[in-house]
Amino acid sequence: MESAFTQCFPSEFICSICKDNFTDPVTISCGHRFCTPCLCLLWEDAQTATCCPVCKAISPKMDFKSTILAKEHILPTRESVVCQLPSSAKQMCRIHQVVKLYFCQADTSLLCLFCSHSPEHAAHEHYPVKQVAEHYRENLLMQMKSIWKKKKENQSNIKKVTNIFRVWEGFVNLRMVMIGAEYPKVYQYLQEEKQKHLEMLAIEGKIVFQRLRRNVARMVHMGKLLRRVYEELKELCLKADVDMLQGVGDTMKRSHLMQLYIPQPMDPQLSTWAITGMLERLNSFRVYVTLDHKIRNCHVALTEDLRRLQCSPDHQDVPRNPASSENTPSWGAQTFTTGKHYWEVNVGNSRNWIIGLCKESWTSRNDMLLNSEDIFLLLCVSAEDHFSLFSTFPLLPHYVQRPQGWIGVFLDYECGIISFINVARSSLICNFLSRSFSFPLRPFIWCGPK
């Protein structure tokens, strides 16, 4: 049942969703107006395309147009409506039988003009109730917007971790396969170390998997709490001045406190174990790769693809940056068509780099992208202070610690194996297994700025 306060309002100032006067009104593309909180909550729960609650016209979610009518029309109307309410609702002073028009900041109480000059309150600061109420309403609206922004951020974090969560078991199994494939190349006495490595990797994988699950659960729970606080702020904002002022303090404190403890998405990493004797074995196939300065192909498309991945880990379409004239990609002078070969590349502290091997024919083309075939690359991609490792093709993430300094590259042409080694830790980063090479392979190197 509509309140007397709402019944006195002109219909053009009433939200058709909550049936109350507008709170932070917006106009959507079809021309209808609603409270921003009402529309946000309604559209978030919508299972189908977002549409106008009145005319059902499809409307983009963020196609909001500000409606500048609250302070110019709603507030004067609110004041006139208050004057029409029964005298029992006017907060009469029991002592002086006049309306309490002032708010005391010291003890957060309503006062009439005479009480405000009494010895008890004379030294306190007093403000008109209307002015104080509007000040707190503005703060409430700001808190609602902040809470909603945090809720959307939390939802985005849930999506990121959920994507990892879905593929985590597959990644752990894949990494176990890669690690397991390295050990048959080593002597028989390393079988015990191999078994321990795989067991610890499996245990660690399960522990991180559970942490990912808890991380998602915490963020889902926080999303529900943020919505609950948001709805409380909305309800508080719609209350009469007196009721709103009495409850605003505690609610605002809880809102501020909750925003300080928003859970962040987990960045999972598996430990890197040194593989005994691996570097000694690989160094027996050591070659020294030199750069072919005659090949002027800079492969702008590939380095731009890396920048796009760097700017958008979720693979969204974003504008591409022009390739820098510095740190251009380089090709090795050697090509390999048989045998086993191992060399090392110093990436230093570069935040973004690409190393590996490509089919020889790519040296004469400029359209190599990360999803191109016959490229076998390891990429380090930085986004803010976060580093991610990927291998191609296909593009696969590797949740291990970012290598710095020297990185080893091993090619076994006949067996179809390419491995990438963290030289400082004598550990495997990743490898390509069971590939079939029937074409010359040439080393590829690109290091971005530090």
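Overview of results
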{"read-out": "³J(HN,Hα), Karplus 6.51/-1.76/1.60, whole Hz, each residue of the stretch 341-357, x for Gly, Pro", "value": "9, 9, 8, 10, 10, 8, 8, x, 9, 4, 7, 9, 7, 9, 9, x, 10"}
{"read-out": "Heavy-atom accessible area ranking, 1.4 Å probe, most first, across Arg213, Arg228", "value": "Arg228, Arg213"}
{"read-out": "D (Stokes-Einstein, µm²/s), Kirkwood Cα radius, the stretch 377-450, 0.692 mPa s at 37 °C", "value": "244 µm²/s"}
{"read-out": "Label-point gap, in nm, between Ser436 and Asn349 - each point 7 angstrom along Cα→Cβ", "value": "4.6 nm"}
{"read-out": "Distance violations [Cα-Cα > 30 Å] among Lys100/Lys234; Lys159/Lys185; Lys151/Lys239", "value": "Lys159/Lys185"}
{"read-out": "Stretch gain in nm, segment Arg425-Ser271, where the contour uses 0.36 nm per residue and the Cα spacing is subtracted", "value": "54.3 nm"}
{"read-out": "Normalised contact order of the stretch 189-268, rounded percent, pairs of Cα under 8 Å and 6 or more residues apart", "value": "43 percent"}
{"read-out": "Cα-projected label distance for Asn283 with Lys206, points at 7 Å along beta-carbon direction, nm", "value": "3.8 nm"}
{"read-out": "Förster radius 25 Å - calculated FRET efficiency between Lys149 and Val220 (Cβ-Cβ, nearest 0.05)", "value": "0.90"}
{"read-out": "Intensity falloff of the stretch 162-220 expressed as log10 I(q)/I(0), Debye formula with alpha-carbon point scatterers, at q = 0.18, 0.27 Å⁻¹", "value": "-0.66, -1.05"}
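The values are calculated or read from the model by the stated rules, or taken from the named source; none is laboratory data. Source: prediction; values computed, not measured. Note: ideal-geometry Cβ built from the backbone for every residue, glycine included; neighbour counts use all protein chains shown. Heads up: the accessible areas ignore ligands, DNA and RNA and are worked out on the full protein's heavy atoms, side chains in. Shrake-Rupley method; radii C 1.70, N 1.55, O 1.52, S 1.80 Å.
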